[in-house]
Amino acid sequence: MEECATSGKSVVIDNTNPTQADRKKYITFFRAHNYQIIGIYFQSNVHDCLKRNADREQRVKDLAVLGTFGKLEIPSLSEGYNELYYVQINDNQFTLNSWNDEI
């Protein structure tokens, strides 16, 4: 993270980050380095997550999927995001939507 911040390069954190605490370390760090913080929340349905996992070549244990889903905290703009988006997944098609706090 430090290398990205000192170089000024764009950064993508490709990680589940299910809790506000998980996300806070990235948001705090990059905000301190004047980055715009954009969050993308993917629609989460545990049944669909387990099915996609089963179809993967490199699966994680179902228990890991269930444990992560059990910790899931819906993000909020109040966490420090400049922008926040919601991705709906229907028939393996991804639709990006503007954030609505009622999601």
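Values for this structure:
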{"item": "Sites Q36 and F94, calculated FRET efficiency, Cβ-Cβ separation with R0 25 Å, nearest 0.05", "result": "0.70"}
{"item": "Total lysine pairs whose alpha carbons fall under 28 Å of each other in the chain (8 or more apart, or interchain)", "result": "9"}
{"item": "Residue order, fewest to most surrounding Cβ atoms within 10 angstrom, among T19, T6", "result": "T6, T19"}
{"item": "Rounded to 10°, Cα long-axis angle of helix 62-71 versus longest principal axis of the chain", "result": "50 degrees"}
{"item": "Summed side-chain charge close to V65 - residues other than V65 whose Cβ falls under 12 Å, Lys, Arg +1, Asp, Glu -1", "result": "+4"}
{"item": "Principal axis dimensions, the chain - Cα atoms, whole angstrom, descending", "result": "40, 30, 24"}
{"item": "Exposure proxy order (Cβ contacts within 10 Å, fewest to most) of C4, C49", "result": "C4, C49"}
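We did not get these values from a lab; they are worked out from the coordinates using the rules stated. The model shown is predicted, which means the values in this text are computed figures rather than measured ones. Positions of Cβ are backbone-derived with ideal geometry, glycine not excepted, and every protein chain shown enters the neighbour counts.
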